[in-house]
Amino acid sequence: MKELKPRIHENGIDYILVGDYYVPDWKLPEEKRPVGHWGRLHQAYLRMYRPGLYSELVLSCKLHTYLADLNEQATERCSLIIEQMAEAEGVDEALKASDQMLWVQSMNSIRSRAVTYSHLSVFSLHPGQSL
């Protein structure tokens with residue numbers, strides 16, 4: 001009987017010998033970036049309201065990358081909105097030094113409004129769109 005090679009490469013695909021059969025040696029791409037708060041929210045939205053798109057992203061191994069990109073964009077956008085709103089409302093370091101409680105109240109209000117606005121933006125995205 002002919003000895004089988006432990007690994008072969010045919011048609012651009014690597015195969016590994018398991019028992020008497022060759023199975024494709026597929027590896028999922030490793031993504032190290034975190035999905036984060038915004039990514040998890042959008043994943044839940046896709047799963048519930050866009051199941052076809054969710055399945056497509058899962059099956060093409062692009063879901064994690066898509067969600068990590070979205071999380072980075074949403075985090076940056078939310079931070080930018082907070083900065084701009086704080087500047088427009090006069091909430092700065094001088095206010096922080098003079099009246100800390102008012103500064104905390106103002107920043108919490110600004111953060112709450114920015115997060116609400118960002119939620120609306122995150123749930124209206126489709127793959128390929130950016131914030």
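Below 12 angstrom from the Cβ of residue 65, what's the summed charge of the other residues (Lys, Arg +1; Asp, Glu -1)? Result for the local shell: -1.
How much length is gained if the chain between residue 113 and residue 59 is pulled fully straight, taking 0.36 nm per residue apart and subtracting their Cα-Cα distance, in nm to one decimal? Full-extension gain reported as 15.9 nm.
Using helices alone, I'd like the mean residue ellipticity at 222 nm for the chain: each DSSP H run of four-plus residues gives -39500 (n - 2.57), total over residue count, nearest 500.
Numbers: 5 runs with 78 residues, N = 131.
Dividing the helical sum by the residues of the chain leaves -19500 deg cm²/dmol.
Distance between the modelled labels on residue 100 and residue 75, one decimal in nanometres: 2.8 nm (7 Å Cα→Cβ projection). Here r is the Cβ-Cβ distance between residue 93 and residue 49 and R0 is 35 Å; the resulting FRET efficiency, rounded to 0.05, is 0.25.
Each reported figure results from applying straightforward, stated rules to the coordinates on display, with no laboratory input. Predicted, not measured: the structure shown is a model, and the values here were computed from it. Every residue, glycine among them, receives a Cβ derived from its backbone with ideal geometry; neighbour counts consider all protein chains shown.
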